[in-house]
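Novice: This is the structure, below, for whatever I ask next.
The values are calculated or read from the model by the stated rules, or taken from the named source; none is laboratory data. Note that the structure is a prediction, hence the values are computed from the model and not measured. Methodologically, a virtual Cβ is constructed for each residue, glycine included, from the backbone with ideal geometry; neighbour enumeration extends over all protein chains shown. Accessible surface areas use protein heavy atoms only, side chains included; no ligands, DNA or RNA. Shrake-Rupley method; radii C 1.70, N 1.55, O 1.52, S 1.80 Å.
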Amino acid sequence: MGSDLLRLPAEAEPFPVTRAEIWEVSLPLREPFVTGFGQTSTRRTVLLRLEDAEGHAGWGEGAALDHPFYLPETASSTYSVLVEHALPLVLEARPRSLEGVAAALAPIRGNNFAKMAVEAAYLALQAARAGVSLAHLLGGTASRIPVGESIGIKASLTETLEEVGLRLFEGYRRIKLKIRPGWDAEVVRAVRRRFGDIPLQVDANASYRLDDAARLNALDGFGLLCIEQPLGYDDIDGHAVLQRRLATPICLDESLRSVEQTRRALDIGACRNVNLKPGRVGGIVASLTIHDECRARSVPLWCGGMLESGIGRAPNIALCSLPGFVQPADMSPASVLYRDDVLDGGYEVDSEGFITVSHAPGLGYRVDDEKVRAWATRGHVVETRTLERRS
Ligand code: OSB
Ligand code: MG
């Protein structure tokens with residue numbers, strides 16, 4: 001299991017956690033994010049903080065959305081699974097490695113965002129203890145990663161063109177337009193007319209049916225990098241049929257929730273391009289395996305986003321420094337999505353459209369604990385030394 005790139009010591013100390021905090025926080029989204037699955041207007045997310053006896057801390061995020069319209073998991077289900085199952089399992093198993101954490105969580109079916117929170121917090125804690133960065137632990141090599149913007153469905157073409165123009169001016173290296181039946185060829189045509197041959201792709205978030213193939217064929221003439229998740233969230237086979245009828249590469253997002261599903265989709269030609277979200281596939285170990293698989297097959301791989309807080313984006317940026325990530329990531333900084341972030345400082349996108357990979361130890365960014373507490377809608381603390389629990 002896992003990748004030979006991982007630089008964690010194979011036999012570290014058994015799970016060195018003396019205190020764990022789970023927080024559900026409500027982030028101040030600047031504007032509702034509209035997609036083929038509907039509108040996301042509030043952004044609760046779940047944060048996990050693991051602390052060791054020396055006071056080192058590691059943060060992770062379980063970035064399911066507030067609602068079950070993207071995938072079945074929600075912020076609420078992630079919170080309960082973490083409190084009731086995921087955290088107790090790792091505290092009981094006391095794994096000594098990231099692979100051990102993944103193995104301890106394996107009895108939990110699905111609930112991938114909750115698993116990612118635990119793996120990410122564990123990795124950040126180990127990085128803090130070793131005084132190294134997440135990118136170093138993962139064996140990343142790139143010092144900066146290219147970024148694209150994912151632009152939600154707007155009230156008008158004018159608003160869309162304004163936002164595309166702004167992001168291109170700021171340096172973003174690729175534009176992704178959210179589409180759905182009725183908001184597709186027209187918006188793509190308008191963007192091509194105004195901005196010419198820019199790197200452009202679309203994301204349908206499972207809002208089409210195979211019967212709409214003609215409608216999707218209309219997009220073939222625009223030279224798109226890919227069409228992301230046109231069909232049902234669970235429909236790998238349908239995408240294989242559709243891909244044979246489309247010239248544009250299909251990229252899967254919702255349908256790839258495990259290593260096995262990713263292999264199957266690639267084996268049967270359901271996609272030619274992979275959007276990897278570590279939370280969607282159940283963690284960092286699964287992400288490393290998918291990375292290696294895509295690299296071995298020369299499949300273009302890129303990192304998607306879940307409108308995470310900076311805590312959730314940090315391990316994703318570190319992963320993007322691995323050589324298999326060849327296309328820009330959906331990784332707009334918190335300053336674009338939120339009025340404020342739980343990170344103190346965080347990261348920005350430079351004028352050439354890159355994020356500099358953090359080489360600071362641990363998570364790589366300073367978490368503002370006061371903001372976490374101020375935005376918390378609920379929390380759960382476990383002190384493992386005394387086994388005292390309170391809610
Ligand atoms: O389909 O890629 C998606 C956000 C939430 C849920 C699903 C998706 C998205 C995005 C936003 O496209 C990308 C980002 O986090 O910046
Ligand atoms: Mg998507």
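Novice: For the chain, which whole percent of the accessible surface, found with a 1.4 angstrom probe, sits on carbon and sulfur atoms?
Specialist: C and S atoms contribute 49 percent here.
Novice: Sort largest first and round to whole Å: the equivalent ellipsoid semi-axes of segment 248-317, each the square root of five times a Cα gyration tensor eigenvalue.
Specialist: 20, 12, 11
Novice: Moving on to the next point. On average, how much accessible surface per residue is there in segment 142-214, in Å², for a 1.4 Å probe, leaving out ligands, DNA and RNA? Provide the component values of the computation, followed by the final result.
Specialist: Details: 3210 Å² over 73 residues.
Using a 1.4 Å probe on heavy atoms only, each residue of segment 142-214 averages 44 Å².
Novice: Could you calculate the contour length gain from A53 to E348, that is, 0.36 nm times the residue separation minus the distance between their Cα atoms, to one decimal place in nm?
Specialist: Values: separation 295, 0.36 × 295 = 106.20 nm, distance 3.29 nm.
That works out to 102.9 nm of additional length.
Novice: Using a simple spin-label model with points 7 Å from Cα along the Cα→Cβ vector, what separation in nm is obtained for A106 and E186?
Specialist: 5.1 nm
Novice: In addition: What is the extension gain from A360 to A142, computed as 0.36 nm multiplied by their sequence separation minus the C-alpha to C-alpha distance, in nm to one decimal?
Specialist: Numbers: separation 218, 0.36 × 218 = 78.48 nm, distance 1.49 nm.
77.0 nm is the gain from fully extending A360 to A142.
Novice: Just to confirm, what accessible area per residue do you get for segment 1-131 at 1.4 Å probe, in whole Å²?
Specialist: 37 Å²
Novice: If you don't mind, another one. What is the distance, in nm, between label points placed 7 Å from the Cα along the Cα-to-Cβ direction at E13 and at Q39?
Specialist: 5.0 nm
Novice: Over all alpha-carbon pairs of segment 184-224, lay out the pair-distance distribution in 10 Å bins, whole %, shortest bin first.
Specialist: 26, 56, 17, 1
Novice: Tell me, what is the per residue accessible area of segment 297-350 in Å², probe radius 1.4 Å?
Specialist: 26 Å²
Novice: Hey, another quick one. Mind ranking 242-250, 316-324, 38-46, 229-237 by how tightly packed they are, going by the mean number of other C-beta atoms within 10 angstrom, highest first?
Specialist: Result, highest mean Cβ count within 10 Å first: 316-324, 229-237, 38-46, 242-250.
Novice: Given labels modelled 7 Å from the Cα in the Cβ direction, how far is it in nm from R385 to V241?
Specialist: 6.1 nm
Novice: How much of I22 can a 1.4 Å solvent probe reach, expressed as accessible area in Å² and rounded to 10?
Specialist: I22 exposes around 0 Å² with every protein chain in place.
Novice: Would you tell me the accessible area of D267, worked out with a 1.4 angstrom probe on the heavy atoms of the protein chains, in Å² to the nearest 10?
Specialist: Number for this one is 110 Å².
Novice: Grab the Cα-Cα distance for N217 and R94, subtract it from 0.36 nm times how many residues apart they are, and report the gain in nm with one decimal.
Specialist: Answer, rounded to one decimal: 39.1 nm.
Novice: So, how do all the Cα-to-Cα distances of the chain break down into 20 Å bins, in percent, from 0 on up?
Specialist: 30, 59, 11, 0
Novice: What is the Cα radius of gyration of segment 1-118 over 2.2 N^0.38 Å, N being its residue count?
Specialist: The reported ratio for this selection is 1.17.
Novice: Please give the charge dipole size of the chain, origin at the Cα centre, charges +1 on K and R Cβ atoms and -1 on D and E Cβ atoms. Round to the nearest 20 debye.
Specialist: 500 debye
Novice: Right, something else. Going by amide H atoms built from the backbone, whose H comes under 5 Å of the H on R43, apart from near neighbours?
Specialist: Close amide H contacts, sequence-distant or interchain: L27, L29.
Novice: Which whole number in µm²/s is D for segment 289-387 by Stokes-Einstein, with the Kirkwood Rh taken over Cα pairs at 37 °C and 0.692 mPa s? Could you put the intermediate results ahead of the total?
Specialist: Numbers: Rh = 15.5 Å.
Here the translational diffusion coefficient equals 212 µm²/s.
Novice: Counting only pairs 8 or more places apart or on different chains, how many lysine pairs in the chain have C-alpha atoms closer than 16 Å?
Specialist: Taking the chain as the scope, the lysine pair count is 4.
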